[in-house]
Amino acid sequence: MTSISLKTAAHLTGVSKRTIWRRIAAGSLSVSRSEDSRGRTLLSLGDIAGDIGLPMNSELIAAIKNADVGQARDQLELALLFLESGLKVKALPWLELAAQQGDADAMLTLGETQLEVSVEDPKIALNWIRRAAIAGQPLAIAVMEALSSQHKRLGNASE
């Protein structure tokens with residue numbers, strides 16, 4: 001059976017690590033007797049499969065395993081699968097992980113998703129889109145150019 005880190009389990013299920021630990025303490029989840037090479041606590045993917053919200057198949061399992069060890073493209077792939085299923089909140093941690101590794105597509109998608117999910121501070125979302133543009137992501141460049149020209153038009157209109 002595939003083992004994943006506790007942090008990955010939390011991201012996949014959309015609950016906190018503390019909640020995962022409570023489930024372990026209650027006996028509804030079990031911890032692997034071994035840790036991985038990084039000393040991470042491991043859980044069986046099968047134990048949380050029903051809480052993920054995506055149909056399990058070999059491609060999803062491979063993406064989860066690769067995302068768990070830090071591969072940005074697989075983290076982005078998982079995020080896109082969540083987004084396609086309408087699970088935007090579950091996509092955010094995966095987008096953040098991939099974006100923090102410099103994946104320009106993840107930066108753009110993270111910014112866009114943050115704007116859709118939460119309007120607490122749109123500057124944070126726009127910053128991710130700006131970073132994607134700086135990294136050369138074509139759509140992000142177009143978005144930033146459109147925002148710049150809109151800002152200029154609004155500035156001229158107020159004069």
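Worth pointing out:
- Selection of the range 105-139 for residues being more than 12 Å from Lys88 (Cα to Cα), charged (D, E, K, R) and surrounded by 13 or more Cβ atoms within 10 Å (Cβ to Cβ) yields Asp105, Arg130, Arg131.
- Sole exception among (1) within 24 Å of Ser3 (Cα to Cα); (2) more than 15 Å from the chain's Cα centre (by Cα) for Ala63, by number: (2)
- Annotation note: Cβ proximity below 7 Å between a residue of the range 69-96 that is free of Cβ contacts under 8 Å to residues at least 40 places away in the same chain and a residue that is open to solvent by 40 Å² or more (accessible area, probe 1.4 Å) and in a loop (DSSP other than H, G, I, E, B) (sequence gap 6+ or interchain) occurs for Ala72/Gln101; Ser85/Gly53.
- Across the range 25-52, the qualifying residues are those that are of a type in the set (Lys, Arg) and over 19 Å from Trp94 (Cα atoms), and the one among them that is least open to solvent (accessible area, probe 1.4 Å) is Arg38.
- Considering residues of the range 2-24 that are touching a Leu at 6+ places or on another chain (Cβ under 7 Å) and in contact (Cβ under 8 Å) with a residue 24 or more places away in the chain only, the residue most open to solvent (accessible area, probe 1.4 Å): Ser3
The values are calculated or read from the model by the stated rules, or taken from the named source; none is laboratory data. Keep in mind that what you see is a predicted model, and the values were worked out from it rather than measured. Virtual Cβ from ideal backbone geometry, glycine too; neighbours counted across all protein chains shown. We work out accessible area using only protein heavy atoms, side chains counted, and drop any ligands, DNA or RNA first. Shrake-Rupley method; radii C 1.70, N 1.55, O 1.52, S 1.80 Å.
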